[in-house]
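Q: Starting off with a structure, shown below.
The values are calculated or read from the model by the stated rules, or taken from the named source; none is laboratory data. Since we're looking at a predicted model, the values are computed, not measured. Reconstructed Cβ throughout: ideal geometry from the backbone, glycine too, with neighbour counts over all protein chains shown.
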């Protein structure tokens with residue numbers, strides 16, 4: 001089922017989400033619906049707050065562009081991007097490399113705005129799965145950025161919070177127009 005995507009201004013987007021304590025059939029159905037919604041909206045990620053749920057759950061799929069990363073390690077071994085997509089994770093824990101890079105981001109909850117965001121290039125993530133396993137992933141490129149972006153949502157942080165001070169002026173103007181309609 002396609003879910004409604006919450007838009008900028010909804011307070012749930014600014015909440016720090018609660019841990020997922022139990023994986024049940026209701027959560028599995030929600031995950032299926034989130035994946036379907038993400039694909040329908042042509043996004044690369046969707047976090048639970050974006051569909052109005054303040055829980056630490058997100059989905060990501062960057063398999064449309066296999067060249068979007070230069071490496072992927074899963075549980076310490078080289079892995080193929082397609083083997084883990086769509087990537088579903090609950091209660092993520094992230095560590096970051098020191099090098100940072102800038103790239104353009106957008107968001108399904110702020111559909112009219114795109115802006116450059118500087119983020120750590122490499123992420124090491126412990127991503128609990130629905131079946132109880134914990135995937136340990138190390139990667140760069142779009143997958144790293146998507147994991148960080150969706151995890152930010154779980155902490156009440158939007159990509160527009162991470163733009164440079166100079167870009168914030170332009171973003172604030174666009175947001176004002178967006179909110180005022």
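Q: Go through the stretch 18-36 and count every residue that is touching a residue at least 40 places away in the same chain (Cβ under 8 Å) and either assigned to a loop (DSSP other than H, G, I, E, B) or surrounded by fewer than 16 Cβ atoms within 10 Å (Cβ to Cβ) (or both).
A: Residues meeting the conditions: 4.
Q: Now, a different point. If I filter the stretch 37-51 down to residues being out of contact with any strand residue (DSSP E or B) (no Cβ under 7 Å at 6 or more places or on another chain) and assigned to a loop (DSSP other than H, G, I, E, B), which single residue comes out as surrounded by the fewest Cβ atoms within 10 Å (Cβ to Cβ)?
A: Among residues in the stretch 37-51 that are out of contact with any strand residue (DSSP E or B) (no Cβ under 7 Å at 6 or more places or on another chain) and assigned to a loop (DSSP other than H, G, I, E, B), the one surrounded by the fewest Cβ atoms within 10 Å (Cβ to Cβ) is 42.
Q: Just a yes or no: is a residue in the stretch 54-63 in contact (Cβ under 8 Å) with a residue 40 or more places away in the chain, out of contact with any strand residue (DSSP E or B) (no Cβ under 9 Å at 6 or more places or on another chain) and at negative phi?
A: Scanning the stretch 54-63, I find no residue that is in contact (Cβ under 8 Å) with a residue 40 or more places away in the chain, out of contact with any strand residue (DSSP E or B) (no Cβ under 9 Å at 6 or more places or on another chain) and at negative phi, so the answer is no.
Q: Moving on to the next point. Does residue 81 satisfy being over 13 Å from residue 136 (Cα atoms), crowded, with 18+ Cβ neighbours inside 10 Å and touching a residue at least 12 places away in the same chain (Cβ under 8 Å)?
A: So residue 81 passes the test.
Q: Please tell me if residue 123 is within 14 Å of residue 150 (Cα to Cα), in contact with a helix residue (DSSP H, G or I) (Cβ under 9 Å, 6 or more places away or on another chain) and surrounded by 15 or more Cβ atoms within 10 Å (Cβ to Cβ).
A: Yes: the conditions hold for residue 123.
Q: Looking at the stretch 126-144 only, could you name the residues that are surrounded by 19 or more Cβ atoms within 10 Å (Cβ to Cβ) and either touching a helix residue (DSSP H, G or I) at 6+ places or on another chain (Cβ under 9 Å) or without any contact (Cβ under 8 Å) to a residue 12 or more places away in the chain (or both)?
A: 127, 137, 139, 141, 142, 143
Q: Going by what's in this entry, would residue 89 be described as touching a residue at least 40 places away in the same chain (Cβ under 8 Å), farther than 27 Å from residue 178 by Cα and surrounded by 21 or more Cβ atoms within 10 Å (Cβ to Cβ)?
A: Taking the combined requirement at face value, the residue satisfies it.
Q: Inspect the stretch 163-175 for any residue being touching a strand residue (DSSP E or B) at 6+ places or on another chain (Cβ under 8 Å), over 30 Å from residue 80 (Cβ atoms) and not in a helix (DSSP H, G or I) and give the result as yes or no.
A: Taking every residue of the stretch 163-175 in turn, at least one turns out to be touching a strand residue (DSSP E or B) at 6+ places or on another chain (Cβ under 8 Å), over 30 Å from residue 80 (Cβ atoms) and not in a helix (DSSP H, G or I).
Q: Which numbered condition trips up residue 95, out of (1) within 21 Å of residue 31 (Cα to Cα); (2) touching a strand residue (DSSP E or B) at 6+ places or on another chain (Cβ under 7 Å)?
A: (1)
Q: Which residue is surrounded by the most Cβ atoms within 10 Å (Cβ to Cβ), if the candidates are limited to the stretch 101-114 and must be at pLDDT 95 or above and in contact with a helix residue (DSSP H, G or I) (Cβ under 7 Å, 6 or more places away or on another chain)?
A: For the stretch 101-114, the residue satisfying everything is 107.
Q: In the stretch 52-78, what residues are surrounded by fewer than 22 Cβ atoms within 10 Å (Cβ to Cβ), under 17 Å from residue 124 (Cβ atoms) and in contact with a helix residue (DSSP H, G or I) (Cβ under 8 Å, 6 or more places away or on another chain)?
A: 69, 70, 72, 74
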